[in-house]
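The next block holds one structure in the form of structure tokens; read it before the comments.
The values are calculated or read from the model by the stated rules, or taken from the named source; none is laboratory data. These numbers come from a predicted model, not from an experiment. With ideal geometry, Cβ positions are generated from the backbone for all residues, glycine too; neighbour counts draw on all protein chains shown. What goes into the accessible areas is simple: the full protein's heavy atoms, side chains included, and nothing from ligands, DNA or RNA. Shrake-Rupley method; radii C 1.70, N 1.55, O 1.52, S 1.80 Å.
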Amino acid sequence: MADENDIQAPVAVEGAPVEGQGEQRPGRGPRSPRGGRGSGRGGRDGNNRGRRDGNRGGQDDGGEEFVEKLVHINRVSKTVKGGKRFGFAALVVVGDGKGRAGFGHGKAREVPEAISKATAAAKKAMIRVPLRDGRTLHHDGMGHFGAGRVYVRSAPQGTGIIAGGPMRAVFESLGVHDVVTKSVGTSNPYNMIRATFEALGEQTSPKSVAQRRGKKIADLLGRGGASAPEAEAEAAAVVE
């Protein structure tokens, strides 16, 4: 009978797997004890493959401060093969308070992302509206979109913003302090906003009319028996 001390330990052969270690394969990393590959392979080493970075760069607004108004937010759904996919739709009005304003809408799975999309769309679609004395409109106007119809009128100083719902958000972001409005028809915020911007897009200033007709601003404002000095003073006070 052989002695127990005479049993020799197994000799490691070059290229053969050793107990407790992964199998060595040419050109590949060692296998882990569970059969998976280690981090030596450059394909799936956890270097954010398949991930999307949440920090997205936005456009530089040049240091301008905008007034953002959330007009309406609605829960929407999309029917897909597996069922319904719910999300949110936001309507936002953006303005600089100095005669520029715009609106936009965005959809996303979460409310903050929908608002950010709508804000970015509103900043890209801003229009400039000429204001008289920087506080009210130059003349009356009417806007129509779909089943919505809105009327806007200039008002004397101290009147305030007589408007409700989505229209108030537009004039607050635009920088108007005195205006009288009336909405007839639908109360859909999307149609009301579009009708309001259609009415604002038709606003013109005496300066632009004088340039188009080849006349002076004092000649246009010198109606109603006003003297030439008064007309010139009023023309000098016109702010586009």
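For segment 134-153, residues that are surrounded by fewer than 20 Cβ atoms within 10 Å (Cβ to Cβ) and of a type in the set (Phe, Trp, Tyr) total 1.
Return the residues of segment 154-172 that are among the aliphatic types (A, V, I, L, M) and open to solvent by less than 60 Å² (accessible area, probe 1.4 Å); say none if nothing qualifies. Full working, then the answer.
Taking segment 154-172 and keeping what is among the aliphatic types (A, V, I, L, M), we get 155, 161-163, 167, 169-170.
Result: 155, 161, 163, 167, 169, 170.
Taking segment 121-240 as the region of interest, the strands (runs of 3 or more DSSP E) fully inside it that hold 2 or more residues being farther than 27 Å from residue 74 by Cβ, modelled with pLDDT of 90 or more and touching a helix residue (DSSP H, G or I) at 6+ places or on another chain (Cβ under 9 Å) are 141-145. Checking each residue in segment 173-213 for being of a type in the set (S, T, N, Q), buried (at least 16 other Cβ atoms within 10 Å of the Cβ) and more than 23 Å from residue 98 (Cβ to Cβ) picks out 183, 188, 191. For segment 98-138, a tally of residues being under 14 Å from residue 196 (Cα atoms) and not small (Gly, Ala, Ser) returns 7.
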